[in-house]
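These notes are about the structure you will find just below.
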Amino acid sequence: MCASPLQWPQTGLPFHTASLYVGDIHPDVTEALLFEIFNAVGPVASIRVCRDAVTRRSLGYAYVNFHNVADAERALDTMNFTSIKSVPCRIMWSQRDPSLRKSGVGNIFVKNLDTSIDNKALYDTFSLFGNILSCKVAIDHTTGNSKGYGYVHYETAEAATEAIAKINGMLIAGTEVFVGHFQKRQDRPDADDWTNCYVKNIPTQWTDAELLKEFEPFGKVLSAVVMKDNANPDQNRGFGFVNYEESDAAHKAVDALNGKSYPAGEGLETEMYVGKAQKRSERERELRNKFEQLKMERINKYQGVNLYVKNLDDQLTDDELREAFTECGTITSSRVMRDPNGNSRGFGFVCFSTPEEANKAVAEMNGKLISGKPVYVALAQRKEVRRAQLEAQHAQQRAGMVVGRGMPMGQPPMYGAAPMFYGQPGQMPPQARQGFMYPQQMMPRGVQRGPIPYGARVPGAPAPGGYPMPGYGMPMQQQRGQPRRGRQGPGPQGPQGAPANRRNFKYTANARNHSARDVPPQGVMPPAAPVQNAGPEPLTSAALAAASPEIQKNMIGERLYPLIHRQQPELAGKITGMLLEMDNGELLHLLESPESLEAKIQEALAVLEAHQG
């Protein structure tokens, strides 16, 4: 006898089999709140609210992982459609295999639903026929009202067939509903198989009978209606509908009557439009596709030849911008972008005739002074491309470092990115019970590489509370020379009672957050420090081009760090490390533009706050 699909074997059970998808959650719902709610059902292994990679805003759904399937099943049965922050959530099993969702087996479509029917009412109606994997009523996000249709996905095709046979044509909340098998858009009936015609620019004196007389020669007409003006019933609104019995007749009427002229009175004529009657959603979809096609044609036309120029002087005109770039090639258009009041927005676009000329302009004009201001010049990018690059940069930063207190920027990370863990006191996530890997580049000398058993301590590793142990982040020479501490009192305090381990960080070429005031223990001589110049020399494009990519970042970082330190002394090292992920051309612009640097610093602070929060 086959076991129920929900009764997995209890031995060797992977953790993801007890995973629930929680959808339709309020944007303010956090992991902590979900843990408090679901932990009442059973021990929760981990919780993750999915967020936008850049803005860190909630995407409206989360995953809750239990330690065993029984607890997950109990949560699904008892907490589905529970209100969280006054919004009913929708819970279902997390389906890792996309083929189950995309196959369409067991999925039915329900339309003509009354606006009072919500997810729970739809679920209660259709749960009589079998186990439901997911159930949803389509909602208009602008109004929050039901669109009048929904979907029910059964575990088996037999349950879906039975539901269609029993519910199709029945009344739900006083409305007769249609229930049928779900069909993908590409599998639905041919779009040309339509019978209803939309007619506009109808002469104002026409009636239903005159409209019928005009369209009757092409086939049997089921209905012909001229829409009337409610304020003046004797006058039509200039449009109507004609519905044929056969699709061929509708096509013939469109071919023959579309664009035909009719007398409109007082010696005037009107050109009538006849076409397929469409729902608003169809018209909007066609318009979107049309505009998207035009947009792609425009993008392909200007790909590689359109330049983005920013940090422009407020008084610069279109002609002056064109004149500044004339020597680089043939310019087809140039424009300084302005606000509704006509004031310059500080950036513009210059379009060349060939990609070679555009590349030449980027090489020669980036960083050049125009009206006394150094401009930033690069190939223009679409918003989607820039967004993807930002997401990649932030993902690289999250994977390459841990942002938080006690973690110097530029040092290898202690742990990679992982879902938020909430569990019982003294409990570790399932993945951590076998041990965790210590990054090889962070391994102190004399410690064997490989997995570290849970509970073992490694010199320089964080203490159980999550705070770094003494010596972490300090130069290795100082760690070797640091005296062992026994049962001593509190360490020496700095100015204004600051802890001794709070240090001022200074950017150097090799380690971005080395301490500027680390004092070696008594009796230990520090290594000789090289004599530094009073300050770095001004950075030129020629000097930067002659250096390797790594040296280029160091050269820029040496000049960028002091500027950031003036505004954010405590976070200067972290912010410098984040900004150095940017393109060198943008970094040079930041060195010359205090306003742009200030904006980037604020963006970095927002990212830091999001990680720490």
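Numbers below:
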{"read-out": "Scope the range 222-277; condition touching a strand residue (DSSP E or B) at 6+ places or on another chain (Cβ under 7 Å), surrounded by fewer than 16 Cβ atoms within 10 Å (Cβ to Cβ) and of a type in the set (S, T, N, Q); matching residues", "value": "S223, N258, S261"}
{"read-out": "Subset of the range 350-369 that is in a helix (DSSP H, G or I) and either closer than 23 Å to L597 by Cβ or outside the structural domain of N300 (by TED's automatic domain parsing) (or both) - its residue that is farthest from the chain's Cα centre (by Cα)", "value": "M365"}
{"read-out": "Odd one out for D52 among (1) under 22 Å from L133 (Cβ atoms); (2) surrounded by fewer than 15 Cβ atoms within 10 Å (Cβ to Cβ)", "value": "(1)"}
{"read-out": "Hits in the range 193-205 (condition: surrounded by fewer than 18 Cβ atoms within 10 Å (Cβ to Cβ) and not hydroxyl-bearing (S, T, Y))", "value": "D193, W194, N196, K200, N201, Q205"}
{"read-out": "Residues within the range 164-184 that are in contact with a strand residue (DSSP E or B) (Cβ under 7 Å, 6 or more places away or on another chain) and either surrounded by 14 or more Cβ atoms within 10 Å (Cβ to Cβ) or of a type in the set (F, W, Y) (or both), tallied", "value": "8"}
{"read-out": "Scope the range 207-221; condition in contact with a strand residue (DSSP E or B) (Cβ under 7 Å, 6 or more places away or on another chain) and surrounded by 12 or more Cβ atoms within 10 Å (Cβ to Cβ); matching residues", "value": "T207, D208, L211, L212, F215, G219, V221"}
{"read-out": "Subset tally (residues that are more than 36 Å from the chain's Cα centre (by Cα) and among the charged types (D, E, K, R)) for the range 298-323", "value": "4"}
{"read-out": "Single residue of T161, T156 found to be of a type in the set (S, T, Y) and surrounded by fewer than 16 Cβ atoms within 10 Å (Cβ to Cβ)", "value": "T156"}
{"read-out": "Any hit, the range 49-56, residues being modelled with pLDDT of 90 or more and among the hydroxyl-bearing types (S, T, Y)", "value": "no"}
{"read-out": "Near pairs, Cβ below 8 angstrom, 6+ apart or cross-chain, from the range 317-336 (closer than 17 Å to G372 by Cα) to any residue that is aliphatic (A, V, I, L, M) and part of a helix (DSSP H, G or I)", "value": "A324/M365; F325/A361; F325/M365; V336/L321"}
{"read-out": "Strands (runs of 3 or more DSSP E) wholly inside the range 139-241 that include at least 2 residues being acidic (D, E) and under 42 Å from the mean Cα position of the chain (by Cα)", "value": "none"}
{"read-out": "Test: residue in the range 87-104 that is over 27 Å from Q183 (Cα atoms) and in contact with a helix residue (DSSP H, G or I) (Cβ under 8 Å, 6 or more places away or on another chain)", "value": "yes"}
{"read-out": "Residues of the range 79-94 that turn out to be within 16 Å of I117 (Cα to Cα) and of a type in the set (A, V, I, L, M, F, W, C), as a count", "value": "3"}
{"read-out": "Options G259, G267: the member that is more than 24 Å from A358 (Cα to Cα), free of Cβ contacts under 8 Å to residues at least 12 places away in the same chain and more than 43 Å from the chain's Cα centre (by Cα)", "value": "G267"}
{"read-out": "Helices (runs of 4 or more DSSP H) enclosed by the range 244-349 - at least 3 residues per element that are touching an Asp or Glu at 6+ places or on another chain (Cβ under 6 Å)", "value": "none"}
{"read-out": "Hey, E592 over 30 Å from D28 (Cβ atoms) and either outside the structural domain of R57 (by TED's automatic domain parsing) or in contact with a strand residue (DSSP E or B) (Cβ under 6 Å, 6 or more places away or on another chain) (or both) or not", "value": "yes"}
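Condition check ((1) under 30 Å from K276 (Cα atoms); (2) basic (K, R)) across all residues:
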{"site": "S103", "(1), (2)": "no, no"}
{"site": "I108", "(1), (2)": "yes, no"}
{"site": "L128", "(1), (2)": "no, no"}
{"site": "D140", "(1), (2)": "yes, no"}
{"site": "E155", "(1), (2)": "no, no"}
{"site": "T161", "(1), (2)": "no, no"}
{"site": "I167", "(1), (2)": "no, no"}
{"site": "F178", "(1), (2)": "yes, no"}
{"site": "R185", "(1), (2)": "yes, yes"}
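The values are calculated or read from the model by the stated rules, or taken from the named source; none is laboratory data. A quick note: this is a predicted structure, and the numbers were derived from the prediction, not measured. In this analysis, Cβ positions are derived from the backbone assuming ideal geometry, glycine residues included, and neighbour counts consider all displayed protein chains.
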